[in-house]
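Enquirer: The following block contains the structure, expressed as structure tokens.
The values are calculated or read from the model by the stated rules, or taken from the named source; none is laboratory data. Predicted model only: the values in this text are computed from it and were never measured. Counting neighbours? That spans all protein chains shown, and the Cβs are built from the backbone with ideal geometry, glycine included. When the accessible area is computed, the model is the full protein with side chains, heavy atoms only, and any ligands, DNA or RNA have been set aside. Shrake-Rupley method; radii C 1.70, N 1.55, O 1.52, S 1.80 Å.
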There are 2 protein chains.
Amino acid sequence: MSFEPPLSGVEQDETSDLRPKFNADGLIAAIAQDIDTHEVLMLAWMNEAALRATLETGRATYWSRSRGALWIKGETSGHTQDVVEIRIDCDQDAVVMKVRQTGGACHTGRTSCFYRTIDPQTQRLSQV
Amino acid sequence: MSFEPPLSGVEQDETSDLRPKFNADGLIAAIAQDIDTHEVLMLAWMNEAALRATLETGRATYWSRSRGALWIKGETSGHTQDVVEIRIDCDQDAVVMKVRQTGGACHTGRTSCFYRTIDPQTQRLSQV
């Protein structure tokens, strides 16, 4: 069963219906944030099935654009994300999940994918 | 002057060069996070010019997909975002900006665009 279609403008901003606004590829953006440290851990993508699976199982489930398949976070690595709270934005094309992260969220093994700062002057990256 | 092109795999993960990986529309995702409250405020998009402007001016500048124009956050509303720190993710297709937000980040006037939680059981939204 599909979600109801998005509304327009202020109706979409104020509705109490979940009406995700998937992009041309059928995806919304999904941000995972550590519920304890508040660190932004990663940004990935969800199609309708991934969003449904996340809501039904309480485990963050994404759509892997590279593999073209559902991606239950941690299924291979063990680095799961238990979803404590999920929020959606004004136009419903992005969600933020507050998660309890097991292990590193990043495929490199690091806690967060955002492990490099950009120096605005030199435009060089430094690991934090 | 353009950025250097992205590298592959682990080279992209570990480089100290800023090599943003723009998508087919020439965009990367940009998350704004309040530096004091750690709240995720919004998700928007940057093209190369927006990323350069953000780095050069220290003010969050996005690409408005709806208007097809650079969007200096707060230029109209006064609700500016001063960028204190900017980080990029492993494959360099997303940034997180820690910002000092003036006024509400959301076009609805709210602090954050993520003002509704999704109830996983009922799939109804509640304002927080």
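Enquirer: Name the residue, out of B:T111, B:T61, that is surrounded by fewer than 23 Cβ atoms within 10 Å (Cβ to Cβ), at pLDDT 95 or above and β-branched (V, I, T). Steps first, answer last, please.
Expert: Details: B:T61 fails: surrounded by fewer than 23 Cβ atoms within 10 Å (Cβ to Cβ).
Residue meeting the stated conditions: B:T111.
Enquirer: If you don't mind, another one. Across the stretch B:80-112, what is the total count of residues that are among the basic types (K, R) and touching a His at 6+ places or on another chain (Cβ under 6 Å)?
Expert: Keep residues of the stretch B:80-112 that are among the basic types (K, R), which gives B:87, B:98, B:100, B:110.
The next check asks that each one be touching a His at 6+ places or on another chain (Cβ under 6 Å); those that pass are none.
Residues that pass the stated criteria total 0.
Enquirer: Something else: Consider the stretch B:68-91. How many of its residues are among the acidic types (D, E), more than 9 Å from chain A (Cβ to nearest Cβ) and not in a strand (DSSP E or B)? Outline the logic, then answer.
Expert: If we filter the stretch B:68-91 for residues that are among the acidic types (D, E), which is where we start, we get B:75, B:82, B:85, B:89, B:91.
If we keep only those that are more than 9 Å from chain A (Cβ to nearest Cβ) as well, we get B:75, B:82.
Right, trim to not in a strand (DSSP E or B) and you get B:75.
Of the residues in that region, 1 qualify.
Enquirer: Since B:A24 meets every condition but one in (1) outside any loop (DSSP other than H, G, I, E, B); (2) modelled with pLDDT under 95, which condition does it not meet?
Expert: Looking at each condition in turn, B:A24 falls short on (1).
Enquirer: For the structure I just gave you, tell me whether A:R67 is modelled with pLDDT under 95 and either open to solvent by 30 Å² or more (accessible area, probe 1.4 Å) or of a type in the set (S, T, Y) (or both). Full working, then the answer.
Expert: On the way: modelled with pLDDT under 95: yes; either open to solvent by 30 Å² or more (accessible area, probe 1.4 Å) or of a type in the set (S, T, Y) (or both): yes.
Considered against the rule, which asks whether it is modelled with pLDDT under 95 and either open to solvent by 30 Å² or more (accessible area, probe 1.4 Å) or of a type in the set (S, T, Y) (or both), A:R67 comes out as yes.
Enquirer: Taking the condition open to solvent by 30 Å² or more (accessible area, probe 1.4 Å) and of a type in the set (A, V, I, L, M), does A:V99 pass?
Expert: no
Enquirer: For the stretch A:75-91, name all the residues that are free of Cβ contacts under 8 Å to residues at least 24 places away in the same chain and crowded, with 22+ Cβ neighbours inside 10 Å. Working first, answer last.
Expert: Filtering the stretch A:75-91 down to residues free of Cβ contacts under 8 Å to residues at least 24 places away in the same chain leaves A:75-76, A:80, A:87, A:89.
Those that are free of Cβ contacts under 8 Å to residues at least 24 places away in the same chain and crowded, with 22+ Cβ neighbours inside 10 Å: A:R87, A:D89.
Enquirer: Please enumerate the residues belonging to the stretch B:8-31 that are aliphatic (A, V, I, L, M) and over 13 Å from B:D93 (Cβ atoms). I'd like the intermediate steps shown before the answer.
Expert: Initial filter on the stretch B:8-31 (aliphatic (A, V, I, L, M)): B:10, B:18, B:24, B:27-31.
Residue satisfying the conditions is B:V10 alone.
Enquirer: Of the residues in the stretch B:105-125, how many are facing another protein chain (nearest Cβ under 7 Å), of a type in the set (S, T, Y) and within 15 Å of A:L55 (Cα to Cα)?
Expert: Final tally of qualifying residues: 1.
Enquirer: Determine whether the stretch A:8-20 contains at least one residue that is part of a strand (DSSP E or B) and either exposed (fewer than 14 other Cβ atoms within 10 Å of the Cβ) or among the aliphatic types (A, V, I, L, M) (or both). Talk me through it step by step, then tell me what you get.
Expert: Taking the stretch A:8-20 as the starting set, the residues that turn out to be part of a strand (DSSP E or B) are A:17.
Filter once more, so that each one left must be either exposed (fewer than 14 other Cβ atoms within 10 Å of the Cβ) or among the aliphatic types (A, V, I, L, M) (or both): none.
Within the stretch A:8-20 (the criterion being part of a strand (DSSP E or B) and either exposed (fewer than 14 other Cβ atoms within 10 Å of the Cβ) or among the aliphatic types (A, V, I, L, M) (or both)), the answer is no, since none of the residues qualifies.
Enquirer: In the stretch A:47-67, what residues are in a strand (DSSP E or B) and more than 12 Å from every other protein chain (Cβ to nearest Cβ)? Walk me through how you get there before you give the answer.
Expert: If we filter the stretch A:47-67 for residues that are in a strand (DSSP E or B), which is where we start, we get A:59, A:61-64.
Across the stretch A:47-67, the qualifying residues are A:T61, A:Y62, A:W63, A:S64.
Enquirer: Considering only residues that are acidic (D, E) and closer than 20 Å to B:G103 by Cβ, which ones fall in the stretch B:25-74? If you could, list the steps in order and put the result at the bottom.
Expert: First pass over the stretch B:25-74, keeping only residues acidic (D, E): B:25, B:34, B:36, B:39, B:48, B:56.
Those that are acidic (D, E) and closer than 20 Å to B:G103 by Cβ: B:D34, B:D36, B:E39.
Enquirer: So, of the residues in the stretch A:1-14 that are under 15 Å from B:C113 (Cα atoms) and free of Cβ contacts under 8 Å to residues at least 60 places away in the same chain, which turns out to be farthest from the other protein chains (Cβ to nearest Cβ)? Spell out how you get there, then give the answer.
Expert: Of the stretch A:1-14, the ones under 15 Å from B:C113 (Cα atoms) are A:9-14.
Then keep just the ones that are free of Cβ contacts under 8 Å to residues at least 60 places away in the same chain; that gives A:9-11, A:14.
On the way: A:G9: 10, A:V10: 8, A:E11: 12, A:E14: 8 Å.
Result: A:E11.
Enquirer: Follow-up. Pull up the stretch A:32-41, narrow it to residues that are closer than 16 Å to B:C90 by Cα, more than 7 Å from chain B (Cβ to nearest Cβ) and of a type outside the set (G, A, S), then point me to the one that is most open to solvent (accessible area, probe 1.4 Å).
Expert: Ranking the qualifying residues of the stretch A:32-41, first place goes to A:E39.
Enquirer: Here is a further query. Being of a type in the set (G, A, S), within 10 Å of chain A (Cβ to nearest Cβ) and open to solvent by 60 Å² or more (accessible area, probe 1.4 Å) narrows it down to one residue among B:A44, B:A24, B:A29, B:A94; which is it? Spell out the reasoning first.
Expert: On the way: B:A44 fails: open to solvent by 60 Å² or more (accessible area, probe 1.4 Å); B:A29 fails: open to solvent by 60 Å² or more (accessible area, probe 1.4 Å); B:A94 fails: open to solvent by 60 Å² or more (accessible area, probe 1.4 Å).
From the options B:A44, B:A24, B:A29, B:A94, the qualifying one is B:A24.
Enquirer: Here's a follow-up. Going through the stretch B:90-111 one residue at a time, which ones are under 30 Å from B:D17 (Cβ atoms) and in contact with a helix residue (DSSP H, G or I) (Cβ under 9 Å, 6 or more places away or on another chain)?
Expert: B:C90, B:D91, B:Q92, B:V95, B:M97
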